[in-house]
Amino acid sequence: MIIVMQRGATEPQIQHITKHLSSRGIRAERLDGHDQTVIGIVGASGGYDISAMSAMPGVQDVVRVSSPYRLSARSSGHSEDTVITLSDGTRIGGDAPSIVIAGPCAVESEDQLRRTAECIRKAGVRFMRGGAFKPRTSPYSFQGLGFDGLELLKKVSEEFDLFIVSEVMEPAHVPAIAEFTDIVQIGSRNMQNYPLLRQLGNIRKPVMLKRGPAATIEEWLMAAEYILSGGNEKVILCERGIRTFESSLRFTPDISAVPVIKQLSHLPIIVDPSHATGRRDFVSSMARAAIAAGADGIMVEVHPDPDRALSDGAQSLTFELFEEMMSELVRVADAVNRPLLVEPHKRIVDSIERIMDKARQ
Ligand code: PEP
Ligand code: MN
């Protein structure tokens, strides 16, 4: 931090500032120019909010010179990308293959989930999303199946060998939801729910932290700091569109957040083009843009019958559109040297082999 004094600040005003700092144990270096003085803070400020001094007599400005986020920053102590390793060795971030997370906005029924799982698994996808606790704008809208929805996710994901991504909204639910999922999602509305973020610092499961629709990148990284400083280093950022003056889409996809995050932070970042655009006809192009910009993966909503979905139908891909998106995305991912993680399902491979064996006999 540097405190810039006004031109013409009096000597008593300058001394008042330096004494104020030293009385709090903060080391300050004074630099007198021809007609202006600046005071540099050396070392830590011990939690004291120096920016609050901007209203003191004689102060022109308080300028921050180092980033306020420490653990999420790409710095000399942490220049390498964070790579998150899941139970079977699957990696997210760094130079690992780009991941695709796909599934319905909300878990609605076993049939809906199983059909979606089959579709995404045929395309080689390893991660299934599905909200069991839904943060809805209206209290009268479908709120999700709760723990019954999580049970369904668990059952279907085991059947199809899928990792589960699902959202937690309440601090008290964190331990239980961490048991049911492989990645715990924090929705955009809860990006600044600090008691919830603190709870996530206590678990060992990876956390996917969505950007608030009106949050700056700095605020987003500060939110990540709550989880990291609690001892959970497995944080994945998720860009999901921000609110701007542009009204043609639900939100404005901020693809530029990808290279900015890559420069500022070592954390993996994925992009959610479904919530960012709000319309299924724009999801595929934004998914390609995200991977081309260097994202570590994408997350999209897929539904067997989007027009009858209980939430976010307009942005949910049909199975056909999902397959089309995947075939286009594979080529972009290969072109930028971040091939997609697409693994055939063992059961599907086995059944193909059985058919081939029969044909050979
Ligand atoms: C979601 O991914 O289910 C969701 C509700 O998205 P967001 O928090 O970005 O609105
Ligand atoms: Mn949704």
With a probe of 1.4 Å, find how much accessible area region 103-166 has per residue, and write the answer as a whole number in Å².
38
With θ taken as phi - 60° and the coefficients 6.51, -1.76 and 1.60, list the Karplus ³J(HN,Hα) couplings across region 184-190 in order, rounded to whole Hz; mark glycine and proline as x.
8, 9, 10, x, 4, 5, 9
When the chain is fully extended, how far beyond the present Cα-Cα distance does Lys358 get from Glu151, taking 0.36 nm per residue of separation?
70.8 nm
Do any trypsin sites (Lys or Arg not before Pro) in region 1-108 lie in a DSSP loop with no more than 15 other beta carbon atoms within 10 Å, and if so, which?
Arg7, Arg24, Arg64, Arg70
Between Ser229 and Ser285, what length in nm is gained on full extension when 0.36 nm per residue of separation is reduced by their alpha carbon distance?
16.6 nm
For region 103-156 and region 6-51, distance of Cα centres in Å
56
Phi angles of region 43-56, converted by Karplus (6.51 cos²θ - 1.76 cosθ + 1.60, θ = phi - 60°) into ³J(HN,Hα) in whole Hz with x for Gly and Pro, give x, 6, 9, x, x, 6, 7, 5, 4, 5, 7, 5, 9, 6
Mind giving me the nanometre distance, one decimal, between the label points for Arg30 and Ala172, set 7 Å out from Cα along Cα→Cβ?
5.6
Residue-averaged 222 nm ellipticity for the chain, from DSSP H runs of 4+ at -39500 (n - 2.57), nearest 500:
-10500 deg cm²/dmol
Starting from region 233-337, pick out the chymotrypsin sites (Phe, Trp or Tyr not before Pro) whose DSSP state is loop and whose Cβ has at most 16 other Cβ atoms within 10 Å.
Phe245
Taking H as built 1.01 Å from N, whose amide H comes closer than 5 Å to the amide H of Asp254, not counting residues under 5 places away?
Gly241, Ile242
Considering only C-alpha atoms, what is the centroid distance from region 289-327 to region 166-236, in Å?
23
Rounded to the angstrom and largest first, Cα extents along the principal axes for region 42-165 equal 68, 42, 21
What Kirkwood radius, in Å to one decimal, follows from the Cα pairs of region 181-266?
13.2
Across the chain, how many lysine pairs separated by 8 or more positions, or lying on different chains, have Cα atoms within less than 20 Å?
15
Check which residues have an amide H placed less than 5 Å from Phe127's amide H, if you skip close sequence neighbours.
Val100, Ala102, Phe163
Give the residues of region 219-241 whose amide nitrogen is closer than 16 Å to a point set 7 Å from the Cα of Asn202 in the direction of its Cβ.
226-233
Just round it to a whole percent: the fraction of Cα-Cα distances in the chain exceeding 30 Å.
44
Counting only DSSP loop positions in region 239-313, the GluC sites (Glu not before Pro) whose Cβ has at most 13 other Cβ atoms within 10 Å are Glu246
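The values are calculated or read from the model by the stated rules, or taken from the named source; none is laboratory data. This structure is a prediction, so every number in the text was calculated from the model and none was measured. Note: ideal-geometry Cβ built from the backbone for every residue, glycine included; neighbour counts use all protein chains shown. Remember, those area values only see protein heavy atoms, side chains included, never the ligands or the DNA or RNA. Shrake-Rupley method; radii C 1.70, N 1.55, O 1.52, S 1.80 Å.
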